[in-house]
Amino acid sequence: MEFSVRKLLFLVSVFTLLWFTTYSFLNNSNLGMPVQQRPEQSIIEPGPASGIQPGDILLIRGNTLIDRIIKLVTRSPYSHVVGVVNPNQVVEILPLSTARYKKLQEYNGQADVFTCDRLSAEDRKKIVSDVTAKVGTSYDYYLIIWEASRYLLNREWPYETKNSSLCSTLWAEAYRKVGIDLCPDVKFPVPGDLAKSRFLRKVTNQ
């Protein structure tokens, strides 16, 4: 019953976003047209040569309808966040699923890699341990509504998460636990907030 309610809340929030953004979306996108490759897209090559390390964050430039709405509402080129837990795997969480492992290479051509120079090797281990311990936990549908309120109504309501998260808060919270608040002024950051963090540096892949 609880899962059904959460799915319903997610669908309501999606339709709310659609209702608020339809006009602007149709006038600022090529809906229905083939998506062209962007010149800034990068090929992810895990390992020392690429500079990608456990604990690094990948910001994803998705191209589904929902991705485009997220990018439009948050005024960011990014719609999703995953993070590296070993040279070939990331952990992510998506609507209608739980936190899960995924192959790093599945985001080839869609992701920009960001690293934090303040992290020690021990910090990285703690971040990875915290995130992998949450594999199997649920998506926070209530927080989607909170984010919609923040962006569309400019209102932030009192809210505390329990054992659920969004793609971005999953990793932001793990960083906070090692003493690095990626977005000090944002309690629940979205992908676009992380992209602007002064603690993250975009990695240039060779």
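Which condition breaks for Arg75 when tested against (1) within 15 Å of Ala195 (Cβ to Cβ); (2) buried (at least 18 other Cβ atoms within 10 Å of the Cβ); (3) of a type in the set (Lys, Arg)? Here Arg75 clears every test but (2). Here Leu182 clears all of (1) surrounded by fewer than 20 Cβ atoms within 10 Å (Cβ to Cβ); (2) touching a helix residue (DSSP H, G or I) at 6+ places or on another chain (Cβ under 8 Å) except the condition numbered (1). Within region 57-78, being in contact with a His (Cβ under 9 Å, 6 or more places away or on another chain) and not in a strand (DSSP E or B) holds for Arg61, Gly62, Asp67, Ile70.
Taking first residues from region 174-195 that are within 19 Å of Asn154 (Cβ to Cβ) and partners that are in a loop (DSSP other than H, G, I, E, B) and of a type in the set (A, V, I, L, M), the Cβ contacts under 6 Å between residues at least 6 apart in sequence or on separate chains come to Asp193/Val186. Taken together, the criteria exclude Asn63 from residues that are farther than 22 Å from Asp193 by Cβ and at pLDDT below 95. Residues in region 79-120 that are in a loop (DSSP other than H, G, I, E, B) and touching a Gly at 6+ places or on another chain (Cβ under 8 Å): 6 in all. None of Thr169, Thr161 is of a type in the set (Ser, Thr, Tyr), under 22 Å from Thr98 (Cα atoms) and in a loop (DSSP other than H, G, I, E, B) except Thr161.
Residue check: Ser129 meets all listed conditions (1) assigned to a helix (DSSP H, G or I); (2) surrounded by fewer than 15 Cβ atoms within 10 Å (Cβ to Cβ); (3) touching a strand residue (DSSP E or B) at 6+ places or on another chain (Cβ under 7 Å) but one, namely (3).
It is to be established whether one or more residues within region 187-204 are assigned to a loop (DSSP other than H, G, I, E, B) and in contact with a Gly (Cβ under 7 Å, 6 or more places away or on another chain). Yes, the conditions are met somewhere in region 187-204.
To keep it simple, each residue is scored yes or no on (1) under 16 Å from the mean Cα position of the chain (by Cα); (2) of a type outside the set (A, V, I, L, M, F, W, C).
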{"position": "Asp117", "(1), (2)": "no, yes"}
{"position": "Tyr139", "(1), (2)": "yes, yes"}
{"position": "Ala148", "(1), (2)": "yes, no"}
{"position": "Leu152", "(1), (2)": "no, no"}
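Within region 150-173, residues that are surrounded by 15 or more Cβ atoms within 10 Å (Cβ to Cβ) and modelled with pLDDT of 90 or more sit with their Cβ atoms under 8 Å from residues that are part of a loop (DSSP other than H, G, I, E, B) and among the small types (Gly, Ala, Ser), at 6+ positions apart or across chains, in these pairs: Ser165/Ala99; Leu170/Ala99.
The values are calculated or read from the model by the stated rules, or taken from the named source; none is laboratory data. What you see is a predicted model, and the numbers here were worked out from it, not measured in a lab. Don't worry about glycine lacking a Cβ; one is built from the backbone with ideal geometry, like all the others, and counts go over all protein chains shown.
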